[in-house]
Amino acid sequence: PASASAPLAPDTVNLYDLVERMVKPATQARQCSYVELVASGPQPPRWFVSHWWGEPVLQFIACLAQHSIDRGLGEGCTYWVCAYANNQWLLSGDVAANPSESSFRKAIALAEGTVSIMDSNAVCLTRIWCGYEVYASLTCGTEAPYKYDLYIAGRSGASAVGYTDGLTERDRDVGGSPQWEHKGGAWAYKAHRENSFPLDVARRALDIRLEDAQASCEHDRKHILNAIAGRDDLDADPLPDHPQYQWVNDALRWRLAMAMYPSAYGAGLLGGLGLHDIKEPEGWQQQALQVYHNLAETFERRGLYSAAADVQRKALAVRVAESGESHPDVAARYCYLASMMDEMGEFSRALEFYSKALDIEVAAFGERDAAVATTFSMMANVVQKQGDLARASELHSKVIDIQLEALGQGHPDVADSYNNWANVLLAQGDASQALVLHERALAIKVAVVGDKDPSLAISDNNLANVLQIQGDLSRALELHEKALAIKSAALGEQHPAVASSYSNMANVLHRQGDLARALELHEKALAIKVVVVGEQHPDVAGCYMNMANILQEQGELGRALELHEKALAITAAALGEEHPDTARTYSNMANVLQMRGDLGPALALQERALAIKVATVGERHPDVAMTYSSLASLSEQKGDLGRALALHKKALRNGSAALGEQHPQVLRA
C-alpha cells in the first residue's frame with residue numbers, strides 16, 4: 001500500500017490501501033472484522049467474491065453493482081469479501097493451515113455462487129488463494145448447481161461486464177421481450193451482453209495454470225496445492241503436476257472458452273484462440289451437452305449455421321463417447337447437423353448425416369416408426385433442393401405410408417407430410433394434384449385445432465401458392481390476406497411469420513403488375529425482419545432481393561443493383577460464398593447489369609453463379625437449367641449465336657431431365 005501520509009487518487013485506491021487506511025483504524029479498538037463493526041445482524045453470504053487485493057476498489061464496486069443488476073439480486077444481497085469479513089487483527093482464526101477449514105471455504109459452502117473480479121492482466125487468477133477459490137467453486141457440492149461468474153470493469157470503474165454461469169434474471173427479462181424473441185431469446189441476449197467482455201483479458205486467462213500461481217506467503221502456496229492434490233502432508237514441497245491441477249485448469253479453460261465463443265466467432269478468432277480444441281473437463285459431460293445445445297440454438301437463430309454446426313459436433317462427440325454410436329440421441333444429433341448442412345447448402349453432407357440418423361433409428365425402433373418417417377421427410381426436402389423431384393416425391397409418399405400406419409389419418413404430422421408432398425408436385429408442374437393434397441392437409445388441421453388456429457395460415461399460404469401457379473391471382477391474394485389476418489391476430493405485427501405473409505402478398509401483386517403496392521409490402525416485410533431477426537440474417541437478404549427485382553422492373557436499375565449488393569454481402573457472410581442463395585444473388589445482379597447493357601460483367605456473374613450451382617446442387621438441377629438459359633440470352637445479345645444455341649440446348653436437356661417434358665419451364669425453353 002501507499003504511504004499512509006500520501007494522498008491517493010480515488011481511482012487508484014486498492015484493498016491494500018483501504019484495509020490500512022480505513023478497515024484497521026476503524027476496527028482497532030474492538031479488534032474485530034469490519035462486518036462485525038457495521039452489521040446489525042447475521043450476514044450469511046449469498047455470493048462469494050474472489051478477487052485480487054491490488055485491483056482498484058472503484059472497479060471492484062462497479063463489478064459487483066453490475067453483477068447485482070444482471071442477477072437481479074436486489075439491495076439486500078450479501079457478498080462475502082475477505083477484507084471485510086475476516087478479522088484483520090486475528091487472521092490465524094480465519095486463514096487456517098488447511099484451506100478446507102478456512103473462512104474462504106466455509107463461505108463458499110454457504111453461498112449460491114462465486115463471482116471472480118477480473119483485472120486487465122487477469123492477475124487475480126495467478127494468485128494461489130484465488131486459484132483455490134476457483135477450485136472450490138468448480139467442485140462445490142450443493143443441492144442446487146453452484147454458479148461461477150467472472151466480471152471486469154473498465155478504467156475508473158466504468159462499463160462493468162461479466163461472463164455468467166447460465167442465464168441471469170436480466171437475460172430472461174430482456175431476452176423475453178419482442179425485440180429478442182426471434183433473435184434467439186434469452187441466450188442470444190446473454191451472448192450480446194457478454195460481447196463487450198475484453199477478449200484480450202479472457203485470452204490471458206486461458207493460459208493460466210493453477211500450479212504456477214503465486215502467493216505472498218510460500219506456506220499458503222504449499223498448503224493449497226497439497227490440499228488440492230489430496231496429500232496428507234500439507235507442508236511438503238508441492239508436486240510439479242497432478243491430475244487434480246489439470247482438472248481445475250481444464251474446467252476453468254472450458255468455462256472461459258464457452259463464454260468467449262460467441263464474441264470470438266464474431267471477431268473471427270475461434271481458430272486463433274484455439275477454442276475449437278478446448279474440451280469439456282471430465283465429469284462435466286451433461287453440463288456440457290446443455291451448454292452446447294444453448295450455444296448452437298443461439299447461433300442458429302441468428303442465421304449462423306456454420307457456427308451452430310461446429311458446436312453441435314462437440315455435443316455429438318460427447319453423446320457418442322457417453323452412450324455409443326447406436327443411441328437414439330446420437331441420431332437426433334446427426335439430424336441437427338444435417339439440418340445445418342441443409343441451411344448451408346451442403347446437401348450431400350446433409351443426406352450423409354440423415355442417413356446415419358436413419359440407420360440408428362431403424363435399428364432402435366424399426367422401419368415403420370414415426371421417427372423414421374420424420375427423418376425420411378427431412379431427407380426428401382434436401383433431395384428436392386438438389387432438384388431430384390421424382391425421388392423427393394417417392395420419399396414423401398413413403399413418409400405418408402409409414403405415418404398413416406403409425407399415427408393414423410387424423411394426425412397433424414400427416415397433414416404436414418401432405419403439404420410437403422404437394423409442394424414437390426407443384427414444382428413438378430402437377431398443380432391439380434398438389435391442390436388436392438393441400439386441401440386434404442387443411443381438413444386434418446381444422447379437425448385437430450379448429451378453424452382459428454394460427455397454424456392454418458400455413459395451409460392458406462400453400463393453397464394460395466397453387467392458385468398463383470394456376471393463374472388465379474385474385475383468389476391467391478385473398479388467401480394470403482386471410483393468412484395475414486390469422487397471423488397478425490395470433491402472433492402480433494412484429495413476427496417473422498407476419499413478414500412472410502406480406503412478402504407472399506407482394507409476390508402476387510408483382511405478378512398482377514401492381515409494382516408500387518408490391519414494393520410497399522416488401523418494405524413492410526423488411527422492416528419487421530430487421531427488427532425481429534437482425535440486419536445480418538439471411539432472411540433480410542431475401543427481402544432485399546425481392547425489392548430489387550421490383551425496382552428492376554420499374555427501371556430503377558441503380559437502386560436494384562444496390563439492394564442486390566446488400567443481399568450478397570449478407571448471404572456470403574452468413575452462408576458462405578459457395579451457397580445456392582449466393583449463386584442466386586449473383587444471377588440477379590447479372591440480370592440487372594444485362595438490362596443496363598453491361599454484358600461483360602453480367603456474363604462473368606452468371607458464370608460465377610453457374611459454377612456455384614453446379615458444385616452445390618449438381619448439373620441436372622432446374623436452377624442450373626435456368627442459368628444456362630440466362631447465359632444463352634447474354635451470348636445471343638453479344639452476337640455469339642452458336643454459343644447461345646448450345647446453351648439453350650443444355651438448358652432444355654437439363655430441364656427435361658429434372659422436370660419432365662411437359663413442365664411449363666421446359667415448354668418455355
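Here's a check for you: in the stretch 636-669, which residue that is among the small types (Gly, Ala, Ser), part of a helix (DSSP H, G or I) and touching a His at 6+ places or on another chain (Cβ under 9 Å) is modelled with the highest pLDDT?
Filtering the stretch 636-669 for residues that are among the small types (Gly, Ala, Ser), part of a helix (DSSP H, G or I) and touching a His at 6+ places or on another chain (Cβ under 9 Å), the one modelled with the highest pLDDT comes out as SER656.
Please tell me if SER503 is within 27 Å of ARG440 (Cβ to Cβ), open to solvent by less than 50 Å² (accessible area, probe 1.4 Å) and either in contact with a His (Cβ under 8 Å, 6 or more places away or on another chain) or part of a helix (DSSP H, G or I) (or both).
Here the answer is yes, as SER503 does meet what is asked.
Taking the stretch 388-418 only, how many residues are open to solvent by less than 50 Å² (accessible area, probe 1.4 Å) and under 29 Å from the mean Cα position of the chain (by Cα)?
Looking only at that region, the number is 2.
I need the helices (runs of 4 or more DSSP H) fully contained in the stretch 125-243, keeping only those with at least 1 residues that are more than 26 Å from the chain's Cα centre (by Cα) and at negative phi.
Filter on the stretch 125-243 gives 128-138, 218-229.
Please state which of the following conditions ASP460 fails to meet, knowing it meets all the rest: (1) open to solvent by less than 20 Å² (accessible area, probe 1.4 Å); (2) part of a loop (DSSP other than H, G, I, E, B); (3) of a type in the set (D, E, K, R).
Condition (2) is where ASP460 drops out.
For the stretch 520-541, which positions are open to solvent by 20 Å² or more (accessible area, probe 1.4 Å) and over 19 Å from THR582 (Cβ atoms)?
GLU520, GLU523, LYS524, LEU526, ALA527, VAL530, VAL531
Within the set of pairs 6+ apart or on separate chains, which have a first residue in the stretch 277-305 that is more than 15 Å from VAL320 (Cα to Cα), a second that is at pLDDT 90 or above and among the acidic types (Asp, Glu), and C-beta atoms under 7 Å apart?
The qualifying pairs are PRO281/ASP250; TYR305/GLU343.
Could you please find all residues in the stretch 269-305 being under 15 Å from the mean Cα position of the chain (by Cα) and assigned to a loop (DSSP other than H, G, I, E, B)?
ARG302, GLY303, LEU304 - these are the residues of the stretch 269-305 that are under 15 Å from the mean Cα position of the chain (by Cα) and assigned to a loop (DSSP other than H, G, I, E, B).
Please enumerate the residues belonging to the stretch 1-19 that are more than 27 Å from HIS67 (Cα to Cα) and either at pLDDT 95 or above or open to solvent by less than 40 Å² (accessible area, probe 1.4 Å) (or both).
Of everything in the stretch 1-19, just one residue is more than 27 Å from HIS67 (Cα to Cα) and either at pLDDT 95 or above or open to solvent by less than 40 Å² (accessible area, probe 1.4 Å) (or both), namely ALA6.
Just to verify a result, which residue in the stretch 316-355, among those that are modelled with pLDDT of 95 or more and of a type in the set (Phe, Trp, Tyr), is most open to solvent (accessible area, probe 1.4 Å)?
Selected residue: TYR336.
Within the stretch 240-249, does at least one residue satisfy the condition of being surrounded by 20 or more Cβ atoms within 10 Å (Cβ to Cβ) and in contact (Cβ under 8 Å) with a residue 60 or more places away in the chain?
Yes, the stretch 240-249 contains at least one residue that is surrounded by 20 or more Cβ atoms within 10 Å (Cβ to Cβ) and in contact (Cβ under 8 Å) with a residue 60 or more places away in the chain.
Can you tell me which of GLU394, GLU322 is among the charged types (D, E, K, R) and within 30 Å of PRO281 (Cβ to Cβ)?
Step by step, each of GLU394, GLU322 is checked, and only GLU322 is among the charged types (D, E, K, R) and within 30 Å of PRO281 (Cβ to Cβ).
Any chance you could count how many residues in the stretch 270-315 are more than 17 Å from LEU256 (Cβ to Cβ) and either buried (at least 19 other Cβ atoms within 10 Å of the Cβ) or touching a Lys or Arg at 6+ places or on another chain (Cβ under 9 Å) (or both)?
The total comes to 18.
Scan the stretch 463-486 residue by residue and report those that are more than 19 Å from VAL498 (Cβ to Cβ) and buried (at least 24 other Cβ atoms within 10 Å of the Cβ).
VAL466
Of all residues in the stretch 442-469, count the ones that are at pLDDT 90 or above and more than 28 Å from LEU407 (Cβ to Cβ).
2
Looking at (1) assigned to a loop (DSSP other than H, G, I, E, B); (2) closer than 18 Å to ILE444 by Cβ; (3) not hydroxyl-bearing (Ser, Thr, Tyr), find the lone condition where GLN494 falls short.
Among (1) assigned to a loop (DSSP other than H, G, I, E, B); (2) closer than 18 Å to ILE444 by Cβ; (3) not hydroxyl-bearing (Ser, Thr, Tyr), the lone unmet condition for GLN494 is (2).
Say whether the condition of being closer than 30 Å to ARG620 by Cα and touching a residue at least 60 places away in the same chain (Cβ under 8 Å) is met by at least one residue in the stretch 325-343.
Looking for residues that are closer than 30 Å to ARG620 by Cα and touching a residue at least 60 places away in the same chain (Cβ under 8 Å), one finds at least one in the stretch 325-343, hence yes.
Of everything in the stretch 99-121, what is in contact (Cβ under 8 Å) with a residue 40 or more places away in the chain and farther than 17 Å from ALA83 by Cβ? Give them in sequence order.
PRO99, SER100, LEU110, GLU112, GLY113, MET118, SER120, ASN121
The values are calculated or read from the model by the stated rules, or taken from the named source; none is laboratory data. Just so we're clear, the structure is a prediction, and the values are computed from it rather than from any experiment. All Cβ positions, even for glycine, are placed from backbone atoms using ideal geometry, and neighbour counts span all protein chains on display. SASA here: full protein model, heavy atoms, side chains in, ligands and nucleic acids out. Shrake-Rupley method; radii C 1.70, N 1.55, O 1.52, S 1.80 Å.
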